[in-house]
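Notes follow once the structure below has been shown.
No value in this document is a laboratory result; all are computed from the given coordinates. On a predicted model such as this, the values are computed, not experimentally measured, just so you know. Note that each Cβ is placed from the backbone with ideal geometry, even for glycine, and that neighbours are counted across all protein chains shown.
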Amino acid sequence: MPGVKFDPLHTDSFVQALRREHPLATRKTLAWPELESERLIAVARSSGNRQLLDDALAKAGINPSYRFEVSHIATLLGMVEAGLGLAAVPRLALPPAHPALVGIALRRPSVSRVLGLATRRGAAPARAGEHVPRLPARRAQSTALSASACCPGCSGCLAGVSDAPG
C-alpha cells in the first residue's frame, strides 16, 4: 500500500485445535485430507484468517465442509473445548498451556499469517510503537510484559499492553 511501511515481526502458523482426549491429539502433524470425516468449525468468511485458509485450501484443491461458522476465535475455541468439533486457528490464538485443548501443526497445505508493524512512511511511531519490534524477543522471556519495565530505560510506555493473544 503506498505510503505505508510494513515490518514483519512474526510468522504465525495455523494449527488444528482439538480436545486433548481426541484420537488425533497425540499426532505431531495433521494433513488436511485426514480431517475430511471430522466435524470442522470455522470463523466467518469475512475474517482475514478465514480468507487465508480458504485461499490456501482452494489452491490445494481442498474444500472443507464446516459444521459451524462463528464470528470470533474465542467462541470457536469454546466450541472445540465443548467437543463440538475441531478448528484451524493461528498458533498464537491458542493459549500454550490450555487445560483442555492442544494445537497440532497442519500440513498439505501449511498455512501461516505474518504479523507485523504497519506505519506511515516518514512518520515517527507512537511512543508504544517504538517498542513493538521488541515484543517477540520479550515473549520468549515472559508471556506478558510488565507495565513498569517493557525494556531497558522504559518508563512504562506499554502500561496495560500485553503481547498475549486476544
Query raised in the report: Computed from the mean reciprocal separation of all distinct C-alpha pairs, what Kirkwood hydrodynamic radius does region 9-124 have, in Å?
Result: 14.7
Report task. Would you mind ranking ASP54, ASP7 so that the residue whose beta carbon has the fewest other beta carbons within 10 Å leads the list? Result -> ASP7, ASP54
Requested in this report: Any chance you could run the full-extension gain for ALA74 through HIS98? It's 0.36 nm times the residue separation minus the Cα-Cα distance, nm to one decimal.
Outcome: 7.4 nm
Requested in this report: Inverting the mean 1/r over all pairs of different Cα atoms, compute the Kirkwood radius of region 47-101 and quote it in Å.
Outcome: 12.3
Requested in this report: Evaluate the charge dipole of region 1-129 about its Cα centre and quote only its size in Debye, nearest 20, assuming +1 on the Cβ of each Lys and Arg and -1 on the Cβ of each Asp and Glu.
Outcome: 400
Query raised in the report: For region 15-47, which GluC sites (Glu not before Pro) are in a loop by DSSP, counting at most 13 other Cβ atoms within 10 Å?
Result: GLU21, GLU36
Requested in this report: Report, by chain and number, residues whose modeled amide H sits under 5 Å from the one on VAL15, excluding near sequence neighbours (fewer than 5 apart, same chain).
Outcome: VAL89, ARG91
Query raised in the report: Exactly which trypsin sites (Lys or Arg not before Pro) in region 1-91 are in a DSSP loop and have at most 12 other Cβ atoms within 10 Å?
Result: ARG20, LYS28, ARG45
Query raised in the report: For ASP7 and LYS59 in the same chain, what is the full-extension length gain: residue separation times 0.36 nm, less their Cα-Cα distance, in nm?
Result: 16.1 nm
